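Report on one structure; see the data block that follows.
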Amino acid sequence: MTRKTQTERGDPRGVFFDLFDADEATELSMRAELLRGLQAWVSEAGIQAEAAKKLGITQSRVSNIARGKIDNFSLDLLVRLAARAGLRPQLKLAA
């Protein structure tokens with residue numbers, strides 16, 4: 001692997017594609033998008049304990065969402081939590 005110079009632009013799909021293989025980068029991108037949506041929802045929800053009750057998880061897990069701890073959440077759990085929050089997650093395939 002060659003090192004990119006500072007003048008080169010990274011992958012237009014995002015930083016994950018600069019750092020990981022395509023499979024892992026794709027999953028991380030999806031997880032990050034779901035996590036960002038949940039972070040916004042949690043900040044609007046106000047009290048983390050109330051958000052935890054609605055999501056069916058502990059307050060410490062809500063805190064992990066608020067702090068962006070992506071490694072603490074699988075893709076399938078983030079999809080379920082987004083659905084519980086009423087965010088209506090959808091999958092769109094593009095060629």
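The values are calculated or read from the model by the stated rules, or taken from the named source; none is laboratory data. For clarity, every value in this text was computed on a predicted model and none was experimentally measured. Methodologically, a virtual Cβ is constructed for each residue, glycine included, from the backbone with ideal geometry; neighbour enumeration extends over all protein chains shown.
Among the candidates 40, 49, the residue that is of a type outside the set (Ser, Thr, Tyr), at pLDDT 90 or above and out of contact with any helix residue (DSSP H, G or I) (no Cβ under 9 Å at 6 or more places or on another chain) is uniquely 40.
Among residues of the stretch 79-95 that are closer than 15 Å to residue 57 by Cβ, those with a beta-carbon under 6 Å from a residue that is aromatic (Phe, Trp, Tyr) at least six positions away or on a different chain give the pairs 85/41. Using the structure shown, decide if residue 22 is out of contact with any helix residue (DSSP H, G or I) (no Cβ under 7 Å at 6 or more places or on another chain), modelled with pLDDT under 95 and hydrophobic (A, V, I, L, M, F, W, C). Yes; evaluated as a whole, the condition is true for this residue. When we screen 3, 13 for residues that are modelled with pLDDT under 90 and loosely packed, with under 11 Cβ neighbours inside 10 Å, the only hit is 3. Is it fair to say residue 59 is among the polar types (S, T, N, Q) and surrounded by 16 or more Cβ atoms within 10 Å (Cβ to Cβ)? For residue 59, the condition - among the polar types (S, T, N, Q) and surrounded by 16 or more Cβ atoms within 10 Å (Cβ to Cβ) - is not met. Against the list (1) within 11 Å of the chain's Cα centre (by Cα); (2) not in a loop (DSSP other than H, G, I, E, B), the condition residue 68 fails is (2). When 73, 20 are screened for being under 17 Å from the mean Cα position of the chain (by Cα), surrounded by 13 or more Cβ atoms within 10 Å (Cβ to Cβ) and closer than 26 Å to residue 95 by Cα, only 20 passes.
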